[in-house]
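Here is the structure we will look at.
The values are calculated or read from the model by the stated rules, or taken from the named source; none is laboratory data. Treat the numbers as computed from the prediction; the structure is a model and nothing was measured. Reconstructed Cβ throughout: ideal geometry from the backbone, glycine too, with neighbour counts over all protein chains shown.
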Amino acid sequence: MSKHVCLRVMTMLFLTITMIFTAFSVSHVSGASTKGELLLKFKPGVSQLCKERILSSLALEVLDEIPQIETLVVSVPQDALFHVESALSHNPMIDSVEENRQIPPSAIPNDPYFGSEWHLTQISAPQAWDVSTGNANVIVAVLDSGVDPSHPDLASKLLPGYNFNDNNDNTTDVYGHGTMVAGVAAAVTNNSRGVAAIAWQSSILPIRVTDTGGYTTYSLLAKGLTYAADKGAKTAIMSFLIYGGSALSSAAKYFMDKGGLAVAAGGNTGTNQSDPDNPYILSVSATTSTDSLATFSTCGPYIDLSAPGVSIMTTVRGGGYGSASGTSFSAPLTAGLASLIFSANPTLTPYQVEQILESTAVDLGTPGYDIYYGWGRINASKALSAATGITPPKGDTPPTVMITSPSNGSTVSGGITVSVNASDNVAVSRVELYKDGKLFATDTASPWEFYWDTVSDSNEPHILVAEAYDTSGNFGNSNPATVDVFNIVDSIPPAVGITYPLNGTKVKGLVGISVSATDDSGISKIDFYIDDHLKNTVYTAPCVYIWNTKSVKDGWHTVTVRAYDSFDNWADASIRIYVSNKK
């Protein structure tokens, strides 16, 4: 993409940006400003130059990156967070933007020495173990506060993991929550010690994503998920109250495309949340020993399944055992069962495993799906029986794909969004867009959209073709779309003037040089010169340069500004001012 459309889009955001800078200035003066964080993803096709200028225009600092899902973690003054997010959400170059929210832990131990593992009998786990007790190659990733590496019922199951909170390899549990979660899913079983777990043989990949208080963020969870996917994990447990979010959904899709199933806690607020179902995250509510919904369990359309979550006996940090309640423990029980299904039939896709869990669940509440129990309470015995009789879908069917916008034969100009529909009998993993036979950009998550700055191309017909790939590597092509590019070439320079200080003015100390510049195509940049020496360049409003006149000798000096429009036409304006810093 050329810089022209990039800068025209930035010009459209002028008023919003000005408001942001005004809000920041007020809070900065009062000392009240703190930093917030956004998760930001650009549309495929946006140039690096445009990305850098958009970040610069909003004073955004890149703190971190999740390269697998092409997402940036950026900082912004807290007082300007809403305005910045709003400005970016209306920018056609932005794929998604959301606050990087902090997520609290979901539960703590409530009965340290309660020894009844009623939940395993409730879900018919002993009968399921006649089919499979798991496989060490089926890895369960625990995204939490770490796992106690010396616990006798966990130590032999732990793989080397990673600590994304501190960016090191130390995954020791700093809060206690992760050790309990890991024990429910995959503690050592049948060893005459401690507790039994649903997935006897599965290995545990500890991934620390919390601080010492048990809090995490969407960005850390997304990084943990992509890491788990790259390490080959088949299930991932996120025992936090999460409903979705663009970055986390992209990470969960990445995990599913790699062959894994992400499972999350449904939440312990006891309220009804209206968030929709997330197709890439399996959310679980909590049930009691009588198969009623736990009073603390959150409900809503995003709930997929339910599982025991009251007084669940498990491992405790420090080598002991205890019981805990919460959807934090319904989630690992469900993820552990998913691991058994993957072990019993390694050919199954994550989508098939989810379908098995849901179709074999014990229907509770309203017949069929409901927002309290989802598709029902998990049943391990029925799930394992179903898993052994299912064959994987045929992986030789290519995806179907078509370009929905712009339409074939249409005329376009400026920056446009190219939209693509793609579907597959298994799953679409990515869509590639080709322009005139050459790869233009790749999108890895739906909606499949690309940003094309047509100003970069000649005024003539161009051919677009979309190519979609499924998770088996099969691909399908769209019919070609011929699009006629027509952009008017502008040769008229911008109008520019120095509004302050006035020509012939006597100045001293710090002087704000203000500029007014306009052009039909937008202003791309303004250069500030003092005595023919370039001092500064600005790309966005306000067009002001603060000049410290003490850096020059007293006397007459020439101030020149040069304004460029989006077609690289330029014009100068100059004044002469007298510097007098002598007392």
Inset, instruction - State which residue is surrounded by the fewest Cβ atoms within 10 Å (Cβ to Cβ) when the search covers only region 542-583 and only residues that are part of a loop (DSSP other than H, G, I, E, B) and among the charged types (D, E, K, R). - result: Lys583
Legend entry - Residues satisfying the stated conditions in region 202-225, i.e. more than 18 Å from the chain's Cα centre (by Cα) and assigned to a strand (DSSP E or B): Ser203, Ile204, Leu205, Pro206
Legend entry - Index of the failed condition, Gln273 passing every other in (1) touching a Cys at 6+ places or on another chain (Cβ under 8 Å); (2) modelled with pLDDT under 95; (3) surrounded by 24 or more Cβ atoms within 10 Å (Cβ to Cβ): (3)
Legend entry - Residues of region 318-347 classified as surrounded by 24 or more Cβ atoms within 10 Å (Cβ to Cβ) and in a helix (DSSP H, G or I), total: 16
Legend entry - Residues satisfying the stated conditions in region 135-165, i.e. closer than 22 Å to Leu225 by Cβ, of a type outside the set (A, V, I, L, M, F, W, C) and surrounded by 24 or more Cβ atoms within 10 Å (Cβ to Cβ): Asp144, Ser145, Gly146, Lys157, Gly161
Inset, instruction - Tell me, please, whether a residue that is at pLDDT 90 or above, assigned to a loop (DSSP other than H, G, I, E, B) and surrounded by 22 or more Cβ atoms within 10 Å (Cβ to Cβ) can be found in region 45-57. - result: yes
Legend entry - Qualifying residue in region 73-81 (condition: under 22 Å from Ser446 (Cα atoms) and surrounded by 15 or more Cβ atoms within 10 Å (Cβ to Cβ)): yes
Inset, instruction - State yes or no: is Thr315 surrounded by 24 or more Cβ atoms within 10 Å (Cβ to Cβ) and in a helix (DSSP H, G or I)? - result: no
Legend entry - Residues of region 120-168 classified as part of a loop (DSSP other than H, G, I, E, B) and either charged (D, E, K, R) or in contact with a helix residue (DSSP H, G or I) (Cβ under 9 Å, 6 or more places away or on another chain) (or both), total: 24
Legend entry - Number of the condition not met by Ala247 [criteria: (1) at pLDDT 95 or above; (2) in a helix (DSSP H, G or I)]: (1)
Inset, instruction - For Leu384, state whether it is in a helix (DSSP H, G or I), closer than 19 Å to Pro301 by Cβ and touching a helix residue (DSSP H, G or I) at 6+ places or on another chain (Cβ under 7 Å). - result: no
Legend entry - Sole exception among (1) touching a residue at least 60 places away in the same chain (Cβ under 8 Å); (2) under 26 Å from Gly245 (Cα atoms) for Ile416, by number: (1)
Inset, instruction - Go through region 447-468 and give me each residue that's of a type outside the set (A, V, I, L, M) and either within 15 Å of Val46 (Cβ to Cβ) or buried (at least 16 other Cβ atoms within 10 Å of the Cβ) (or both). - result: Trp448, Glu449, Phe450, Tyr451, Trp452, Asp453, Thr454, Ser456, Asp457, His462, Glu467
Legend entry - Selection within region 70-104 - farther than 25 Å from Lys253 by Cβ, in a helix (DSSP H, G or I) and in contact with a strand residue (DSSP E or B) (Cβ under 6 Å, 6 or more places away or on another chain): Gln78, Leu81, Val84
Inset, instruction - Within region 253-264, identify whether any single residue is of a type in the set (Ser, Thr, Tyr) and in contact with a Lys or Arg (Cβ under 6 Å, 6 or more places away or on another chain), and answer yes or no. - result: no
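Yes/no matrix, rows are residues, columns are (1) touching a residue at least 40 places away in the same chain (Cβ under 8 Å); (2) touching a Pro at 6+ places or on another chain (Cβ under 8 Å); (3) over 17 Å from Arg101 (Cα atoms):
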| residue | (1), (2), (3) |
| --- | --- |
| Asn191 | no, no, yes |
| Leu220 | yes, no, no |
| Ala262 | no, no, yes |
| Thr288 | no, yes, yes |
Legend entry - Candidates Ala264, Ala185, filtered to the one that is in the same structural domain as Tyr369 (by TED's automatic domain parsing), part of a strand (DSSP E or B) and within 29 Å of Val131 (Cα to Cα): Ala264
Inset, instruction - For region 362-370, state whether one or more residues are in a loop (DSSP other than H, G, I, E, B) and within 29 Å of Gly476 (Cα to Cα). - result: no
